[in-house]
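The values are calculated or read from the model by the stated rules, or taken from the named source; none is laboratory data. Bear in mind the structure is a predicted one, so any value in this text is a computation, not a measurement. A quick note on method: Cβ atoms are made from the backbone with ideal geometry, for glycine too, and the neighbour counts reach across all protein chains shown.
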Amino acid sequence: MQPYDYIEVKIPAKEQYIGVARLAISGLASRIGFSYDDIEDLKIASSEAITNAVQHAYAEGELGEVVVGCALFADKMEIMIADNGASFNYEETKNSVGPYKGKVEVEFMREGGLGLYLMETLMDEVKVYHEEGVTVLMTKYLEGERVDKDAETISS
């Protein structure tokens, strides 16, 4: 028996369907017991990932789709956002846009690039794969951020 339930939704790569995927994620998160604040974090992070796919994956006028997959475990939710469009270099993009170069006051932040920053800030784990298209895998734990099992402990 599989240790998780998997739900997948495919939406056209159009802005009017972002809310549909966001609602599905919100409902699933509520179903497994996330708090209101965690559900809001999940909605924001997933909206950013889906919006990036809709806006950047396909050339103007090109038909495409975005796959939103959710794996529901007893202690976490994994969200996968995937497209088959144009890829990008994650580290290069991360370093060239958004608030990644030191601490910057909000009014001086560059426009754009906040999507990656928000995903990494609001989720416990974020992985980006960019080979054929882009796949973003985000994890949120029910009990908040987790420490790796092989992490070094510090005694006081």
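Of A53, A59, A71, all but one fail to be free of Cβ contacts under 8 Å to residues at least 40 places away in the same chain and either farther than 18 Å from H130 by Cβ or small (G, A, S) (or both); the exception is A59. Looking across region 6-16, the residues that are modelled with pLDDT of 95 or more and either part of a helix (DSSP H, G or I) or under 15 Å from K76 (Cα atoms) (or both) come down to Y6, I7. When region 40-55 is filtered for residues that are in contact with a Gly (Cβ under 9 Å, 6 or more places away or on another chain) and either charged (D, E, K, R) or farther than 22 Å from D83 by Cα (or both), only E48 remains.
If I filter region 140-150 for residues that are small (G, A, S) and modelled with pLDDT under 80, do I get at least one hit? Yes, region 140-150 contains at least one residue that is small (G, A, S) and modelled with pLDDT under 80.
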